[in-house]
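Below: the structure, in structure tokens.
The values are calculated or read from the model by the stated rules, or taken from the named source; none is laboratory data. Computed from a predicted structure; not experimentally measured. Don't worry about glycine lacking a Cβ; one is built from the backbone with ideal geometry, like all the others, and counts go over all protein chains shown.
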6 protein chains.
Amino acid sequence: MERVRTGISGLDEMLNGGFPKSHNVVVMGSFGTGKTTFGLQFLVQGLKEGEKGIFITLEEDEESIIQDGMAFGWDLKPDLDGKNLVIVKLEPTDALSTISRIKSDLPKFVKSFGASRIVVDSVSLLNMLFETEHEKRSNLFYLTQMIKETGATCLMTAEVSNDNSVASRDGLVEYTADGVVVLQYDEPPEKGEIRLTLRVVKMRRTNHSRRIKPYSISEGGIVVHAGAEVY
Amino acid sequence: MERVRTGISGLDEMLNGGFPKSHNVVVMGSFGTGKTTFGLQFLVQGLKEGEKGIFITLEEDEESIIQDGMAFGWDLKPDLDGKNLVIVKLEPTDALSTISRIKSDLPKFVKSFGASRIVVDSVSLLNMLFETEHEKRSNLFYLTQMIKETGATCLMTAEVSNDNSVASRDGLVEYTADGVVVLQYDEPPEKGEIRLTLRVVKMRRTNHSRRIKPYSISEGGIVVHAGAEVY
Amino acid sequence: MERVRTGISGLDEMLNGGFPKSHNVVVMGSFGTGKTTFGLQFLVQGLKEGEKGIFITLEEDEESIIQDGMAFGWDLKPDLDGKNLVIVKLEPTDALSTISRIKSDLPKFVKSFGASRIVVDSVSLLNMLFETEHEKRSNLFYLTQMIKETGATCLMTAEVSNDNSVASRDGLVEYTADGVVVLQYDEPPEKGEIRLTLRVVKMRRTNHSRRIKPYSISEGGIVVHAGAEVY
Amino acid sequence: MERVRTGISGLDEMLNGGFPKSHNVVVMGSFGTGKTTFGLQFLVQGLKEGEKGIFITLEEDEESIIQDGMAFGWDLKPDLDGKNLVIVKLEPTDALSTISRIKSDLPKFVKSFGASRIVVDSVSLLNMLFETEHEKRSNLFYLTQMIKETGATCLMTAEVSNDNSVASRDGLVEYTADGVVVLQYDEPPEKGEIRLTLRVVKMRRTNHSRRIKPYSISEGGIVVHAGAEVY
Amino acid sequence: MERVRTGISGLDEMLNGGFPKSHNVVVMGSFGTGKTTFGLQFLVQGLKEGEKGIFITLEEDEESIIQDGMAFGWDLKPDLDGKNLVIVKLEPTDALSTISRIKSDLPKFVKSFGASRIVVDSVSLLNMLFETEHEKRSNLFYLTQMIKETGATCLMTAEVSNDNSVASRDGLVEYTADGVVVLQYDEPPEKGEIRLTLRVVKMRRTNHSRRIKPYSISEGGIVVHAGAEVY
Amino acid sequence: MERVRTGISGLDEMLNGGFPKSHNVVVMGSFGTGKTTFGLQFLVQGLKEGEKGIFITLEEDEESIIQDGMAFGWDLKPDLDGKNLVIVKLEPTDALSTISRIKSDLPKFVKSFGASRIVVDSVSLLNMLFETEHEKRSNLFYLTQMIKETGATCLMTAEVSNDNSVASRDGLVEYTADGVVVLQYDEPPEKGEIRLTLRVVKMRRTNHSRRIKPYSISEGGIVVHAGAEVY
């Protein structure tokens, strides 16, 4: 099974080399756990390996994303200029046009652009654009299928339903995805410093570690301390 | 009482030989607990014993299911080609046609095909196709009856209502089923490695163990460590 | 006060001889706690004592009920043939006809048949047939009154609202009933084997034990270990 | 402040003699905690003291109430025949007529009958007759006012919102009432026997004990063990 | 900053002399924690200091309020007769007229009457008169503004959302108020006697103690044991 | 990355100098945790550094805000008169005009006025003006975008969903914001004094401490005790 390296030190080891190629993986966590950073780091790793990437965002505009990268020493501009990376900003104020745009353009675009990595940040905000449960579900299924057909490896960030739980806000994307990585924060009983932990809860068609590992968000991005235990 | 072996080492012992023949058994668990693997393994065991099987899926397409099997060393292609196994992919975007298709075709198909094992993965996603509580219930009852009339042994996977609980998302299928196997993950107090546990909560018309047993998803599929205790 | 023996060893002692005659008793528990077995055992005890019984079911068909009994060594067929026992299967797909059937026929039927024990398995599924809270309530009150007028002793099984709690799904039947027996499972802190426990929470017009007792579902049906403590 | 003895040994001491006269007191508890017994015992005490009483019930019919009393050695028939006690059975299947009956007849009836004690068993079931929150509230306020105008001391039983909590199902009656007595059951950590406890949470215009006391339902009715501690 | 003494011994010390003048303070607690007594004591203190007061009530009528005071040795009649105190009873059965009455009359009345202290008992019941969330909010904002314009110091009692929590039933009044005093009861682990505790959670424009203090409701009203710790 | 000092001693150190310039930061906490004080202190720090500020409030009027400042020794009047500070009071009783006013005027006003700091107190109350989830979301996105375009650094206060949790009432603003500071109170197990704690949960494009620090609201405003541990 071919692997796609996440570029996150420690995590690739837990996954025996990275995400399985063409998988649709959800990175789920509360705000402040580094989901956007995770997505960027995944794309930057692709860029390093000569792959092209697409970053679909509903939260921040292109300029903010560039600054996000800058903060970790990743200069995205050359790759944006060189057409190795595209940032697609969806406007959350117009549901219908957004849907149409995704529906009709994405597969063609991915193929013509030649992207092998896609990030959707976040699928929960995307889902909020739809009014009924039925629409949310239909579009989530449709989007998943679209992306699967492109053959690219996809990472979707998702917000959790409550404070720090192991369930997405919609309670669906974790079931339709091929893999789920959960980011959590951990308030130690004696207070002090909040610790961040990562676990791979699901990864279809591959063996994976089920250990809970501490991670940190440092100058170079996310680092999983695979050799350490949480306590 | 005739038994149908699940092919899951350790579980058949807990069940005195396997599921009672013609039972409708629900395998319930959170994402990442191996429900799809459980269903495939159950069918593969049938194939080994010369039985035919049907895999009804709403989550993955045929190609993905084949790869799922491959990851555990189960080559499904010969049996698909040899008409011992059929994978039926229901499109979650079209509720009415889906329902009609199940309603009218399933019993005839099961009989003409000669299947003695059926897997529905997952009954929770199937249920999401319906809008009202009333429709969900009616169709669940109808499906259960359809399958019962075929005489085949049926395994339905179901998602849990909250994070790791012992109740399905709809809170109904565990009551209408003949048997319920619950898959859970267990976060040890000192963190470290997530442990997977299995328990047989219900199995009509037969004695069964009520012990909670650890299991793992290894290269050959699910293995229940029937001789071990969780702690 | 005249007593009706449940036939469940250990429980009749806790109840000073059995259910008070003509009481309407709810047996409440999660799936897999043996509610259907409890109901059958109650009828079988009546048959042994020369009483007639009616089993109203929404979950299983007559053939399944016969097999349920068989698994515990109870051969229901002679009594079915001899018209000492009747199994009434309500179809959950037709609410209106079901209601009418119960409403108009039950009292007459009970009297002409001469039944002194009635089991409804389950009142929760019956309640799901109705759409509004108002309909559910009205019909529950009506059913209770119908049965009370027949003078028979009635046992209704009910599902619990959440996982293992001491409240029925509708939160009503435990208040209108004359008695409530709660079946629960108990996950010991060190995992291992799930233990089943029984308690009599309510029994109008009689003194009863309020002890929590372990029970098991063995070859001969339910046995309450009245002499043992849970821990 | 004039007192009305409840007739419950131990409780009258906690209340410095009984309920304040003309108070509207709610007795709140889960099923099986003895609310109906509490209400009957309160009326029986009045009968002993030569007072007249009215028992308004939505749960049981007159015959059942008589048997309820019989189980505790209270023969209600002489007082029913002698017009010292009236049992009013409201039919829960007819909301409108019920309301009208209460509205127009109660005050007149109480006065002409000369009742100084009224029991409503239960105000929660009465509330279920109304569809909207607004109707429930209006009628609860109206009923409270009606009864207050009669000058009689009133005891209303109420069901709790969840399993054993200190809040009524509607979350309102405990605020409008002059007093609240909470009945709870207590599952000791080592299982064994369920213990019943009573506390006086509210009693306007009087000092009262805030101790939690064990009680039991014995042959002579409810007895509060005022001298004992729960543990 | 000018202070308005609450008259509650111990609390005025925690508040450096009392509520800041013209503040709108919410006293929040479950039933039986003494909210009405708190409100009356606050008015009685004003009467002692020669101030006039208004008591707006939705729970009890004037006669009951007078008796409430009597129970603590406060004879309200002379001040009612002498026009130093007014009790306004709002009828909860007529929403529209109630609103209009508050809206149009209150400010004028407060000024002409010359009241410097206002009590609303309770703002939660007042809020129940309105059907929609929007109406509740609008009227709460409107009422708050009305009262603020009068320049009087206002105390509103509020019921808590669940059993003993630190949030009001509507979850709004604690945010719009200038101050919040929370009354709670505390069930000690070894059962025994329920203890009442008070904390000042919020008091704009002033420093205040954040200690949790035990209090009792004794013959002379509420006393905060400011020198004692809860445990 | 340019920093904007919050003026809160201890916090600027945790943030390596302050909020990143032009960030949109949410300060989230229950009532009584000092959110309004936090916002004022942030503006006052700007005034000290010669920057202009805008305070948009839905909770208090201008006069109250001035008094709020006075209580901490901040005399806002000279800056209000000198047009360095503007307090904008939105009327919560008129939803449509409020929205229009924000939408059309804010960006122009911020630019012409030359404000580099904006406070919205609170975004939760602002959100309550809208009826549907869809309107709330749209307007929150719109407001965020408006403010971002002005280039000013913005602080929004937000109320928490339940009692003291780490999630806003709407569950959205913490995801769209660039940073989140959480204020909580902490009830020590032995009761006594409530402790206030602060944590920086999220701060895009910068490294930040994840320690939980105690803080107090003293005469000079909020002080974070960065050198101390909570326990």
Taking the stated definitions as given, is B:K83 surrounded by fewer than 20 Cβ atoms within 10 Å (Cβ to Cβ) and under 15 Å from the mean Cα position of the chain (by Cα)?
no
Residue by residue through region C:107-123, note down the ones that are surrounded by fewer than 22 Cβ atoms within 10 Å (Cβ to Cβ), in contact (Cβ under 8 Å) with a residue 40 or more places away in the chain and in contact with a helix residue (DSSP H, G or I) (Cβ under 8 Å, 6 or more places away or on another chain).
C:P107, C:S116
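For region E:137-163, name all the residues that are of a type outside the set (A, V, I, L, M, F, W, C), more than 9 Å from every other protein chain (Cβ to nearest Cβ) and either more than 19 Å from the chain's Cα centre (by Cα) or crowded, with 18+ Cβ neighbours inside 10 Å (or both). Reasoning before the result, please.
Residues of region E:137-163 of a type outside the set (A, V, I, L, M, F, W, C): E:137-139, E:142, E:144-145, E:148-151, E:153, E:157, E:159, E:161-163.
With more than 9 Å from every other protein chain (Cβ to nearest Cβ) added as a condition, the list becomes E:139, E:144, E:149-151, E:153, E:157.
Correct list: E:N139, E:T144, E:T150, E:T153, E:T157.
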If you go through region B:173-210 one residue at a time, how many are over 18 Å from the mean Cα position of the chain (by Cα), charged (D, E, K, R) and closer than 30 Å to C:L125 by Cα?
2
For region A:211-220, enumerate the residues that are within 13 Å of chain B (Cβ to nearest Cβ) and either over 19 Å from the mean Cα position of the chain (by Cα) or not in a strand (DSSP E or B) (or both).
A:R211, A:I212
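Here's the yes/no breakdown for (1) in a strand (DSSP E or B); (2) within 10 Å of chain E (Cβ to nearest Cβ):
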{"site": "D:L183", "(1), (2)": "yes, no"}
{"site": "D:P189", "(1), (2)": "no, no"}
{"site": "D:L198", "(1), (2)": "yes, no"}
{"site": "D:K202", "(1), (2)": "yes, yes"}
{"site": "D:T206", "(1), (2)": "no, yes"}
{"site": "D:S209", "(1), (2)": "no, yes"}
{"site": "D:I222", "(1), (2)": "yes, no"}
{"site": "D:A226", "(1), (2)": "no, no"}
{"site": "D:E229", "(1), (2)": "no, yes"}
Filtering region D:2-16 down to residues that are more than 14 Å from every other protein chain (Cβ to nearest Cβ) and either crowded, with 21+ Cβ neighbours inside 10 Å or at positive phi (or both) yields D:V4, D:T6, D:G7, D:I8, D:G10, D:L11
Looking for something in contact (Cβ under 8 Å) with a residue 12 or more places away in the chain, on the phi > 0 side of the Ramachandran plot and in contact with a helix residue (DSSP H, G or I) (Cβ under 7 Å, 6 or more places away or on another chain) - is there at least one such residue anywhere in region E:84-99?
no
So E:G73 ticks every box in (1) more than 26 Å from D:G171 (Cβ to Cβ); (2) touching a Leu at 6+ places or on another chain (Cβ under 8 Å) but one. Which box is left unticked?
(2)
So is A:H225 farther than 22 Å from A:E159 by Cα, in contact with a Pro (Cβ under 6 Å, 6 or more places away or on another chain) and not basic (K, R) or not?
yes
Could you figure out which of (1) under 25 Å from A:K35 (Cβ atoms); (2) facing another protein chain (nearest Cβ under 7 Å); (3) not basic (K, R) isn't true of F:I194?
(1)
When region D:172-181 is checked residue by residue, the ones that are among the β-branched types (V, I, T) and either more than 10 Å from chain E (Cβ to nearest Cβ) or outside any strand (DSSP E or B) (or both) are D:V173, D:T176, D:V181
Applying the selection to region C:112-134, what residues are within 11 Å of another protein chain (Cβ to nearest Cβ) and among the charged types (D, E, K, R)?
C:D121, C:E131, C:E133
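Which of the residues belonging to region E:79-118 are aromatic (F, W, Y) and either modelled with pLDDT under 90 or under 20 Å from D:N139 (Cα atoms) (or both)?
Of everything in region E:79-118, just one residue is aromatic (F, W, Y) and either modelled with pLDDT under 90 or under 20 Å from D:N139 (Cα atoms) (or both), namely E:F109.
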First in region D:162-177 and farther than 14 Å from E:R169 by Cβ and free of Cβ contacts under 8 Å to residues at least 60 places away in the same chain, second anywhere and in a loop (DSSP other than H, G, I, E, B) and not basic (K, R), Cβ under 6 Å, 6 or more apart:
D:S165/E:D163; D:R169/D:S161
Of the residues A:S30, A:S64, A:S22, which single one is of a type in the set (S, T, Y) and within 30 Å of B:A71 (Cα to Cα)?
A:S22
Name the single residue, out of those in region E:197-231 being under 15 Å from E:T33 (Cβ atoms) and small (G, A, S), that is modelled with the lowest pLDDT.
E:S218
I'd like the full set of residues that are at pLDDT 85 or above and either among the charged types (D, E, K, R) or not in a helix (DSSP H, G or I) (or both), limited to region D:128-157.
D:K148, D:E149, D:G151, D:A152, D:T153, D:C154, D:L155, D:M156, D:T157
Does D:T197 satisfy the criteria of being of a type in the set (S, T, N, Q) and touching a Pro at 6+ places or on another chain (Cβ under 9 Å)?
yes
